[in-house]
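> Quick one: this structure, given as structure tokens, is what I'll be asking you about.
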Amino acid sequence: MLTEMQIKNFKAWQDTGTIRLAPLTVIFGTNSSGKSSLGHLLLALKQTVQLSDRKRALHMGDENSLIDLGTFEDCLYGHDLKLPLEFSLRWRLQGALAVKNALDAKQSFRGDELRLSSTLRADKAEQPQTEAFQYQLFDGANAVLEMNHTRGNIECSPLKLIRAVGRGWPVEPPEKFYRFADRTLLRYQNADFLADFTLQTEQMLEQVYFLGPLRRPARRVYQWSGDTPPDVGAEGEATIAALLAADAQGRHLNRGYRQRKQQFVPFIAEWLTDLGVIDSFEVRALAKGRKEYEVLVKTHPKAHKVKLTDVGFGVSQVLPALVQAFYAPAGSTVWMEQPEIHLHPMAQSNLADVFISAVQAYEESTPRNMQLIVETHSEHFLTRLQRRVAEGKI
């Protein structure tokens, strides 16, 4: 789970300062104030991790990527190519990380949080190039180990890296914004643990998911052939597939400690009812053995079942937000923009309770430890959240 972030010289931000992140973090601000930019950088980092080209410091994106940020100049504060892009992420590890000095059995370090700080500058071709990055391993509030990698050197403290015999030439430049070149690690006798830092960074960013502010309209018929999507998609396009996949896997959740356990689809359906937008919700195959499905809802107890396309637009817009909050793997970070769009005020208020539940939910008797970062303009959402804080429920 992300616990802090800071960004300098990125889009509207000259310096965000240190932003503390909680299991449920809500971002408010005026239009075009830079709220979305915070999440967009995380997406750019994730798609860079997924890129096979290790030489590219930051994948700005294209029409097939998670996000397209344009050129490096487009992303820099004031479009000034002389400025460095700097960012820092700190996150809580899923399990404590132990670092041992391969040359000294008595020297070991253990931490539960990691911080990565990177500095990128434009090269002669105006492409991003990693100038330096730093890792810090924390045990609580104290940094127990620190590593700095520039384009010509690696320094570690208090553990000292020892060069391998006959390998005294300069180290290779950093790869991407966070990686050590494989040949660089071979130049030291006790640098194997640095690969663990790289792996932890990749695992953290792979578990960042994004839901955009506009979701696709409902369809009369949905196709599902048994696949398991990683998420609902940036536009919620895989929401019904995710619902069916979770149900087929027999996933069971509850809203919190010692609360009633339910199958995935009824669990989501009950939340839709509690939001006050429908009375009941059902996903069913058009016929046995077919891969076409329809979504049927009842708007109130005495109403007839109708397809999702035949009810208010708000239901199809909030459904991806609910599914994403509970479908993403345990320990994930989900960034959402405007999940309350097209909902009436009472439903916006109730949505705060949904997200509180999402970060407190259990799956198969184990805490899901989810993190939600929500951009919203809803005062009703904020007021309900403030009330729950005052009540001590979060």
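> Taking the square root of 5 times each eigenvalue of the Cα gyration tensor, what semi-axes in Å does the equivalent ellipsoid of region 48-124 have, largest first?
For region 48-124, the semi-axes come out at 34, 16, 13 Å.
> Near Asp231, within a Cβ-to-Cβ distance under 12 Å, what is the net charge of the other residues, with Lys and Arg +1 and Asp and Glu -1?
In short, -2.
> Can you tell me what percent of all Cα-Cα pairs in region 279-386 are more than 16 Å apart?
Pairs farther apart than 16 Å: 65 percent.
> What percentages, rounded to whole numbers, describe P(r) for region 60-211 computed over all alpha carbon pairs with 5 Å bin width beginning at zero?
For region 60-211, the binned pair fractions read 2, 8, 16, 19, 19, 15, 10, 7, 3, 1, 0 percent.
> Just to confirm a number: summing +1 for Lys and Arg and -1 for Asp and Glu over residues other than Gln6 whose beta-carbon lies under 11 angstrom from that of Gln6, what do you get?
That works out to +1.
> Anything over 24 Å Cα to Cα? Flag those among Lys8/Lys82; Lys261/Lys288; Lys8/Lys160; Lys46/Lys160; Lys35/Lys261; Lys35/Lys124, in the order listed.
The pairs that break the limit, which is 24 Å between Cα atoms, are Lys261/Lys288; Lys8/Lys160; Lys46/Lys160; Lys35/Lys261; Lys35/Lys124.
> Still on this structure: Taking only the alpha-carbon positions of region 1-49 and ignoring solvent, what does the Debye formula give for the base-10 log of I(q)/I(0) at q = 0.18, 0.20 Å⁻¹?
Cα-only, vacuum Debye calculation for region 1-49: -0.61, -0.76.
> For region 262-303, what's the radius of gyration and Dmax over Cα atoms, in angstrom?
11.6, 34
> Over region 228-339, with a single point scatterer placed on each C-alpha, what log10 of the ratio I(q)/I(0) does the Debye formula yield at q = 0.19 1/Å?
Summing over Cα pairs of region 228-339 leads to -1.09.
> Compute the normalised compactness of region 284-328: alpha-carbon radius of gyration over 2.2 N^0.38 Å, N being the residue count.
Normalised Cα radius of gyration, region 284-328: 1.35.
> Remind me, relative contact order of region 1-86 in percent, using alpha carbon pairs under 8 angstrom and six or more residues apart?
32
> Then there's this: Using alpha carbon centroids, what distance separates region 293-352 and region 215-269, in Å?
11
> Can you check what the net charge comes to around Leu137, using other residues whose Cβ is under 13 Å from the Cβ of Leu137 (Lys, Arg +1; Asp, Glu -1)?
Charge balance near Leu137 sits at 0.
> Now for a separate question. Consider just the alpha-carbon atoms of region 155-226 and return their Rg together with their Dmax, both in angstrom.
Expressed in Å, the Cα Rg and Dmax of region 155-226 come to 21.4, 68.
> How compact and how long is region 1-137, expressed as Rg and Dmax of its alpha-carbon atoms in Å?
Every Cα atom of region 1-137 included, Rg and Dmax give 16.8, 55 Å.
> Note the per residue figure in Å³ for the convex hull of the C-alpha positions in the chain.
Here the figure is 165 Å³ per residue.
> So, how do all the Cα-to-Cα distances of region 19-70 break down into 5 Å bins, in percent, from 0 on up?
Here the calculated profile for region 19-70 is 4, 18, 22, 20, 15, 13, 6, 1.
> Take region 170-302, drop everything but the C-alpha atoms, weight them equally and run the Debye formula without solvent; then report log10 I(q)/I(0) at 0.12, 0.16, 0.17 Å⁻¹ to two decimals.
-0.68, -0.92, -1.00
> Also, I was wondering about something else. Which residue, Phe28, Phe210, Phe177, has the most motion in a Gaussian network model of the chain that connects Cα atoms within less than 10 Å?
Largest GNM mean-square fluctuation: Phe28.
> Whose amide H sits under 5 Å from the amide H of Leu159, counting only residues 5 or more places off or on another chain, with H placed in the peptide plane?
Placed amide hydrogens put Glu146 under 5 Å from Leu159.
> With each label point set 7 Å from Cα along the Cα-Cβ vector, what nm distance links Trp169 and Thr383?
About 6.9 nm, to one decimal.
> Taking Cα pairs under 8 Å and at least six residues apart, what relative contact order does the chain come out at, in percent?
For the chain, the relative contact order is 14 percent.
> Starting from the coordinates of the alpha-carbon atoms of region 125-182, obtain the Kirkwood hydrodynamic radius over all distinct pairs and give the value in Å to one decimal.
Computed over Cα pairs of region 125-182, the Kirkwood hydrodynamic radius comes out at 13.0 Å.
Values quoted throughout were computed directly from the atomic coordinates according to the rules given, and no laboratory measurement underlies them. None of the values given here were measured: they were computed from a predicted structure. A quick note on method: Cβ atoms are made from the backbone with ideal geometry, for glycine too, and the neighbour counts reach across all protein chains shown.
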